[in-house]
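One structure is given below, encoded as structure tokens.
The values are calculated or read from the model by the stated rules, or taken from the named source; none is laboratory data. In this text the structure is predicted, and so the values were computed from the model without any measurement. Backbone-built Cβ (ideal geometry, glycine too); neighbour counts: all protein chains shown.
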Amino acid sequence: MSSWHQQIIGNTNSFNLSSIVNFISEGDAEEHKILQWLSPLEPQKRHQGVRAGRVDGVGNWVLETREFRKWRGEEDGCVEPVLFCYGNPGVGKTHVR
Amino acid sequence: MQMSLTISYSSLVIDNLCDQAEGKDVAVMGVYCDFLAQEEQSTTNMLGAILKQLATRGGISDYIREAFQKAKKEFGGRGLLLPNIVDMLKKEITSLPRGYICFDALDESPPKHRRELLEAVQEIIRVSPNTRVFLTGRPHIYDEIVRYFSRAVRIPVCPTQADIKSYLEKRLSDDTDPNAMDKKLRADIMRIIPEKISQM
């Protein structure tokens with residue numbers, strides 16, 4: 001399981017997690033300190049927020065483009081390793097009266 | 001009703017890569033750049049976050065533990081410097097058959113951080129050709145990206161008519177006052193808004 005998905009479990013079970021915290025072993029506390037030392041940022045949290053605001057299917061066409069599929073693909077070497085999706089972040093605010 | 005449709009392609013790509021990676025020796029890492037968090041999002045912290053995700057996934061390597069112990073003993077518990085992080089990342093990532101790194105909204109990072117970040121990514125790809133990098137941002141930063149990756153592939157992204165329709169359908173179905181909506185108004189919204197937006 002990737003760390004992106006562990007976070008979801010962390011969020012939904014936060015009540016359980018907080019009650020377990022007291023029992024964290026010394027080793028785990030040390031691990032936590034090391035990870036915090038590597039970086040205080042927690043992009044997984046932001047990811048969960050963004051993901052929660054998504055509308056199903058919107059933007060999925062990008063995953064079907066030839067460029068993306070080739071970039072994601074398994075073959076090594078010949079594929080250009082950098083893919084850049086560019087555009088303005090969204091369509092401007094539209095008011096409907 | 002006010003609407004603003006923002007699509008986070010990075011979050012879609014990260015989830016897609018995670019789905020594909022399941023059961024394989026593939027790591028998916030990423031950072032969302034945020035204009036409001038520029039101070040906290042130093043290059044060291046952003047690359048550190050990538051390293052942190054790798055360590056969370058595969059366990060913390062012994063040399064990282066040793067470096068931490070050593071830093072702890074030094075004056076005030078010494079923090080990491082950019083070259084330390086880049087060295088560690090290079091070491092970790094070369095041991096992976098495939099690693100994906102995503103940086104969302106690069107234009108929200110200050111130019112200095114962007115330069116350092118792209119330089120580090122260039123270095124990482126040089127030692128680890130199995131690494132793939134996904135970037136998003138406003139069009140103008142392409143000029144900076146090609147300075148480091150002359151053959152970078154580009155995809156222009158903009159909500160499609162289908163995207164706008166799915167979004168509108170969702171918004172209309174979430175409407176807290178459905179009685180205010182009749183069939184005709186609904187049909188008008190679904191027809192006019194996508195047209196207007198595509199003309200923008």
* **In region A:1-54, residue surrounded by the most Cβ atoms within 10 Å (Cβ to Cβ) [restricted to those that are assigned to a loop (DSSP other than H, G, I, E, B) and modelled with pLDDT under 85]** => A:S2
* Out of the residues in region B:165-200 that are within 26 Å of A:W61 (Cβ to Cβ) and of a type in the set (V, I, T), state the one that is modelled with the lowest pLDDT. => B:I197
* To do: Filter region A:60-75 down to residues that are farther than 17 Å from B:S166 by Cβ and not in a helix (DSSP H, G or I) and give me whichever is farthest from the other protein chains (Cβ to nearest Cβ).
  => A:E75
* To do: Scan region B:140-192 residue by residue and report those that are at the interface with chain A (Cβ under 9 Å from one of its Cβ atoms), outside any loop (DSSP other than H, G, I, E, B), more than 30 Å from B:A120 (Cα to Cα) and without any contact (Cβ under 8 Å) to a residue 60 or more places away in the chain.
  => B:A162, B:S166, B:E169, B:K170, B:I189, B:I192
* Structure fact -> Condition set surrounded by 20 or more Cβ atoms within 10 Å (Cβ to Cβ) and assigned to a helix (DSSP H, G or I), scope region B:36-48, selection nearest to the other protein chains (Cβ to nearest Cβ): answer is B:G48
* To do: Taking the options B:L106, B:L51, name whichever one is within 9 Å of chain A (Cβ to nearest Cβ), in contact (Cβ under 8 Å) with a residue 60 or more places away in the chain and surrounded by 13 or more Cβ atoms within 10 Å (Cβ to Cβ).
  => B:L106
* Structure fact -> Listed by first then second residue, the pairs whose first member lies in region A:48-59 and is within 15 Å of B:T160 (Cβ to Cβ) and within 7 Å of chain B (Cβ to nearest Cβ), whose partner is in a loop (DSSP other than H, G, I, E, B) and of a type outside the set (S, T, N, Q), with beta carbons under 7 Å and at least 6 positions apart or on separate chains, are A:V58/B:I7; A:G59/B:I7
* Only one of these is more than 30 Å from A:G49 (Cα to Cα) and out of contact with any Leu (no Cβ under 6 Å at 6 or more places or on another chain): B:R78, B:R115. Name it. => B:R78
* Breaking point among (1) part of a helix (DSSP H, G or I); (2) closer than 23 Å to B:Y9 by Cβ, for B:F134 -> (1)
* Considering each residue of region B:71-96, count those that are in contact with a helix residue (DSSP H, G or I) (Cβ under 6 Å, 6 or more places away or on another chain), under 15 Å from B:S61 (Cα atoms) and within 11 Å of chain A (Cβ to nearest Cβ), and give that number. => 4
* Structure fact -> A careful count of residues in region B:94-103 that are aliphatic (A, V, I, L, M) and buried (at least 22 other Cβ atoms within 10 Å of the Cβ) gives 1
